[in-house]
1. Which percent of the accessible heavy-atom area of segment 123-187 goes to carbon and sulfur, probe 1.4 angstrom?
2. Between Thr343 and Asp287, what FRET efficiency follows from the Cβ-Cβ distance if R0 is 25 Å, with the result rounded to 0.05?
3. Remind me, relative contact order of the chain in percent, using alpha carbon pairs under 8 angstrom and six or more residues apart?
4. At R0 = 56 Å, how high is the FRET efficiency between Thr215 and Asp72 if r is their beta carbon distance? Nearest 0.05 is fine.
5. Could you do me a favour and compute the accessible area per residue for segment 52-139, 1.4 Å probe, result in Å²?
6. Which lysines, on any chain, are close to Lys294 with Cα under 30 Å apart, when same-chain ones fewer than 8 places away are left out?
7. Figure the gain on full extension for Thr265 and Val145 (residue separation times 0.36 nm, minus the Cα-Cα span) and round it to one decimal in nm.
8. How many angstrom lie between the C-alpha centres of segment 320-399 and segment 96-114?
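The values are calculated or read from the model by the stated rules, or taken from the named source; none is laboratory data. Remember, predicted model here, so these are calculated numbers, not experimental data. Quick reminder, even Gly has a Cβ in these numbers, built from the backbone with ideal geometry, and neighbours come from all protein chains shown. These accessible areas exclude ligands, DNA and RNA; they are computed on the full protein's heavy atoms, side chains included. Shrake-Rupley method; radii C 1.70, N 1.55, O 1.52, S 1.80 Å.
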Amino acid sequence: MWCRRLAWLFKVPYQLRGSTRHRSLGLPCDRRTVPAAAARWHHTAPESLKCAWQLHGDHLELRYANTLMRFDFVWLRDHCRSASCYNAKTNQRSLDTASVDLGIKPKAVRVDETTLFLTWPDGHVTRYGLEWLVKNSYEGQKQQVMHPRILWNAEIYRQAQIPSVDCRSFLETDEGLKEFLQNFLLYGIAFVDNVTPTKEDTEILAERISLIRETIYGRMWYFTSDFSRGDTAYTKLALDRHTDTTYFQEPCGIQVFHCLKHEGTGGRTLLVDGFYAAEQVLRQAPDQFELLSKVPLKHEYVENVGDCHNHMIGVGPVLNVYPWNNELYLIRYNNYDRAVINTVPYDVVHRWYAAHRTLTTELRRPENELWVKLKPGKALFIDNWRVLHGREAFTGYRQLCGCYLTRDDVLNTARLLGLQA
């Protein structure tokens, strides 16, 4: 691995712009400053051999902690954390990136057991901790997960026996709040018990972790089957699994449901882990997963009921992934609100339909369905970027209240409590 002596592997001539050819002598650098024109591999602290590095025409190649990293010289100058380049109090960059010469090269490089030192042509010295570089390099990020999760079907979730958090503990203690957020981050759903069944108390609950996102549905909404809005949700009909606000340019991040009253039968809430279903598609048909992550679609909401007049359009693929590590971060799935498919050429659309069918089959597997009966006093928080929800038909009078939360604020609250989010 990278911690072995590599000198015999790298006796390859290399020429930097404006320099003569150099051949590696296979000698450890042992904390000595080496001119940037020396295009050969070097090692630090030969007794430990943890690090090796080599200069190329436009980048530095560094091997450390079993990771091969490549750093563009402009990137290395731009991310300098010296006092003149970075404000440690505000955690903001002070350096004017546009002022950095795009052809810049370090005049000298030195590496010890923990730190990379770069001296630039103007004499400025940049220092980077090797661990920081591993964490923040492109290659390091490819190996990391942005959001740790536990994917689940109904049986996995039931066996996990995730406890609800008591309302008082949630509102009054960091421990209760942290337990709730940890459950939410891992599973995409979390419950709070013993909530007073009023809209006002539900609002207080929501504001504990986030600003409430005001939308075309208002800030806090009551939810009954009076068809007061031009949406199937405002009926007593069953609703198939879906994510909400797919017709927003950025779908709402978190949804809160609290059943205030139900005098009748039915009406259970359906929950499905969309990421679990997508993972099955990735394993069985990776080409279809890729298609669902690249083909853009329109979702549309057209409403003309009473005083409510709205025409919303959101664009994006069904599956959204981080390009550097292919980690799924958002599923936009709503067959009710999917608009006319006019963003996909004819020679792709049939393959898209096949991929969509594969995903739908996974989402509709009975073993993936978690059914929950919402009752007054139990509030449900749903990660709308991950977990699909639906409901069975019901009879009688059923009233829910709820709201949408801003995703940034929920994640911010979690990070401040020391959670990875």
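1. Solvent-exposed carbon and sulfur of segment 123-187 make up 49 percent of the total.
2. Numbers: r = 20 Å, r/R0 = 0.78.
After rounding, the FRET efficiency stands at 0.80.
3. Numbers: 858 pairs, mean separation 77.0, N = 421.
Worked out over the chain, it gives 18 percent.
4. Efficiency, from the Cβ-Cβ distance: 0.85.
5. Solvent-accessible surface per residue comes out at 49 Å².
6. Lys135, Lys142
7. Once the chain is fully extended between Thr265 and Val145, it gains 38.9 nm.
8. Answer, in whole Å: 47.
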